[in-house]
Amino acid sequence: MNFLDGLSKREQTIATIKQAQQLAQKKQLREAVVLAHNIINNWSAKSGFWQGLSQKLILGNLLEQLQQQLKQWQKKVAQADKLIRQAKALLKQDTGNPLVTQNITNAILFYQRCTKILQEDKVSQAIKQCQQELEKRQSFQKLVQDAEYKLENRF
């Protein structure tokens with residue numbers, strides 16, 4: 001990319017960087033990471049001495065800042081993915097016993113911690129499904145308790 005091409009792409013690049021930052025603020029980190037990768041790849045392609053110098057003149061340290069942000073976003077995505085894996089592992093261990101709710105409760109907690117890092121529909125949907133299952137089990141447990149109470153009082 002020559003200097004004149006770089007100047008023409010500067011405004012578009014700055015707008016895309018802002019868009020990536022806005023996505024990150026909205027906890028849409030996966031999309032922000034993709035945009036950041038695209039920006040960095042577009043500017044670092046065929047980066048020789050003169051291209052690097054013209055890039056520095058055109059963008060200053062914007063790309064370096066973006067690379068730092070990208071690293072932070074990637075760490076957060078990795079943390080969120082780890083929480084999702086932990087929640088799924090707990091749900092796999094669940095036996096389906098309506099009297100046992102610990103794994104589902106803990107899975108919900110992992111998913112909720114994940115939503116503090118990133119916002120994704122699949123995580124929200126997983127929380128909703130877990131909560132519905134938990135409510136079913138709690139209703140069943142209440143029926144069992146009521147039955148035991150009535151049995152003890154010989155109703």
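The values are calculated or read from the model by the stated rules, or taken from the named source; none is laboratory data. Just so you know, these numbers come straight off a predicted model, no measurement behind them. Cβ coordinates were reconstructed from backbone atoms using ideal geometry, including for glycine residues, and neighbour counts include every protein chain displayed. What goes into the accessible areas is simple: the full protein's heavy atoms, side chains included, and nothing from ligands, DNA or RNA. Shrake-Rupley method; radii C 1.70, N 1.55, O 1.52, S 1.80 Å.
For segment 113-155, a residue qualifies if it is farther than 16 Å from K26 by Cα, part of a helix (DSSP H, G or I) and among the polar types (S, T, N, Q), and the qualifying residues are Q125, Q129, Q131, Q132, Q138, S139, Q141, Q145. Restricting attention to segment 62-73, does a residue exist that is open to solvent by less than 60 Å² (accessible area, probe 1.4 Å), touching a Ser or Thr at 6+ places or on another chain (Cβ under 7 Å) and modelled with pLDDT under 85? No, the conditions are met nowhere in segment 62-73. Using the structure shown, decide if K75 is at negative phi and within 23 Å of the chain's Cα centre (by Cα). Criteria met by K75.
Mind counting the residues in segment 31-61 that are among the polar types (S, T, N, Q) and modelled with pLDDT under 65? Residues meeting the conditions: 4. Only a single criterion out of (1) among the hydrophobic types (A, V, I, L, M, F, W, C); (2) closer than 30 Å to Q12 by Cα; (3) in a loop (DSSP other than H, G, I, E, B) is not satisfied by L70, namely (3). Scan segment 92-107 for residues that are of a type in the set (A, V, I, L, M) and farther than 19 Å from F140 by Cα and report the count. Looking only at that region, the number is 1.
Do any residues in segment 21-38 that are outside any loop (DSSP other than H, G, I, E, B) have Cβ atoms under 8 Å from those of residues that are open to solvent by less than 70 Å² (accessible area, probe 1.4 Å) and among the hydroxyl-bearing types (S, T, Y), where the two are at least six apart or on different chains, and which pairs are they? Going by the 8 Å Cβ cut-off, the qualifying pairs are L35/T16; N38/T16.
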